[in-house]
Amino acid sequence: MQNLSAANSDSTTESAPREKRRVIIDTDTGADDAAALILAAKDEYTEIVGVTVLVGNVDLEKSADNAIMVLVTAGADIPVI
């Protein structure tokens, strides 16, 4: 079994650069989803290619409005469907 602890790691080994993960987020844009959407929008290794909204904590129109507001606040130009 390989020991993965930091104390036993070889500091001379370089790790491969991390690629961005392209995602589509499906959300009802309640408070919990809004926080997650901001975190994803600000994550350097995540590329949100689109956001879809659904009824959940709020109705569909409010969910779409919330998603747009959250993305604008995060400085992200991402389509909301």
Quick check on my filter: what residues within segment 46-61 are of a type in the set (A, V, I, L, M, F, W, C) and not in a helix (DSSP H, G or I)? 48, 49, 51, 53, 54, 55, 58
Which residues, counting only those in segment 62-81, are open to solvent by 80 Å² or more (accessible area, probe 1.4 Å) and in a loop (DSSP other than H, G, I, E, B)? 77, 81
State yes or no: is residue 38 open to solvent by 30 Å² or more (accessible area, probe 1.4 Å), of a type outside the set (D, E, K, R) and under 14 Å from residue 81 (Cα atoms)? no
For segment 16-30, what are the residues that are open to solvent by less than 100 Å² (accessible area, probe 1.4 Å) and more than 16 Å from residue 52 (Cα to Cα)? 16
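The values are calculated or read from the model by the stated rules, or taken from the named source; none is laboratory data. Just so it is clear, the structure is predicted and the values come from calculations on it, not from any experiment. Accessible surface is based on the protein model in full, side chains and every heavy atom, while ligands, DNA and RNA are left aside. Shrake-Rupley method; radii C 1.70, N 1.55, O 1.52, S 1.80 Å.
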